[in-house]
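Working notes, structure below.
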Amino acid sequence: MIGDWLDIGWLDEIPLRGARTVPVEGGEEIAVFRTGDNRVFALVNRCPHKGGPLAQGIVHGHSVACPLHNWNIALATGEAQGSDKGCTPAIPVKVDAGRVLICRAGALKAAA
Ligand code: FES
């Protein structure tokens, strides 16, 4: 359902170049990233390579380096960069009055 947003907390609670995780009932955890230029992105917290927890990776630019084998994943699309192939689902996310909102339908679909 478009327009159905889930409030997951204050933007300021996510460290710059960091991430926090959000559990989704009945599905996979979502990783919400904050970049150095203060943008937010949300991906399923599972690397497309072997399932590494992307929320524990290093955010650089608009990518995250997986903590397990250092694949670079584009935050906007969830696509592996360079010669690596794979994609983790991306979830629509926005910031409104300092609160971070993720698309409920997107989160459920991605986590299904
Ligand atoms: S599990 Fe992420 S790079 Fe291997």
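For region 22-51, the set of residues classified as β-branched (Val, Ile, Thr), touching a helix residue (DSSP H, G or I) at 6+ places or on another chain (Cβ under 9 Å) and farther than 20 Å from GLY86 by Cβ consists of VAL22, VAL24, VAL32, VAL40, listed by residue number.
Reported count of residues in region 62-79, each being of a type in the set (A, V, I, L, M, F, W, C), out of contact with any helix residue (DSSP H, G or I) (no Cβ under 7 Å at 6 or more places or on another chain) and within 12 Å of the ligand (Cβ to nearest atom), is 3. Can you say whether ASP12 is part of a helix (DSSP H, G or I), surrounded by fewer than 14 Cβ atoms within 10 Å (Cβ to Cβ) and out of contact with any helix residue (DSSP H, G or I) (no Cβ under 6 Å at 6 or more places or on another chain), as far as the supplied structure shows? Criteria met by ASP12. Out of (1) within 14 Å of the ligand (Cβ to nearest atom); (2) in a loop (DSSP other than H, G, I, E, B), the odd one out for GLY36 is which? In the conditions (1) within 14 Å of the ligand (Cβ to nearest atom); (2) in a loop (DSSP other than H, G, I, E, B), GLY36 misses (1) alone. Might you let me know whether region 44-57 holds any residue that is at pLDDT 95 or above, of a type in the set (D, E, K, R) and closer than 23 Å to LEU11 by Cβ? For region 44-57, residues at pLDDT 95 or above, of a type in the set (D, E, K, R) and closer than 23 Å to LEU11 by Cβ: absent. Within region 95-104, none of the residues are out of contact with any Cys (no Cβ under 7 Å at 6 or more places or on another chain) and within 15 Å of the ligand (Cβ to nearest atom).
All conditions in (1) away from the ligand (no atom under 16 Å from the Cβ); (2) surrounded by fewer than 14 Cβ atoms within 10 Å (Cβ to Cβ) hold for GLY18, with the sole exception of (2). For region 39-56, a residue qualifies if it is within 16 Å of the ligand (Cβ to nearest atom) and either assigned to a loop (DSSP other than H, G, I, E, B) or under 23 Å from ASP96 (Cα atoms) (or both), and the qualifying residues are LEU43, VAL44, ASN45, ARG46, CYS47, PRO48, HIS49, LYS50, GLY51, GLY52, PRO53, ALA55.
When you check VAL59 against the structure, is it surrounded by fewer than 20 Cβ atoms within 10 Å (Cβ to Cβ), β-branched (Val, Ile, Thr), more than 10 Å from the ligand (Cβ to nearest atom) and part of a strand (DSSP E or B), yes or no? Answer is no for this residue.
The values are calculated or read from the model by the stated rules, or taken from the named source; none is laboratory data. If you're wondering where the values come from, they're calculated on a predicted model, not measured in any experiment. Methodologically, a virtual Cβ is constructed for each residue, glycine included, from the backbone with ideal geometry; neighbour enumeration extends over all protein chains shown.
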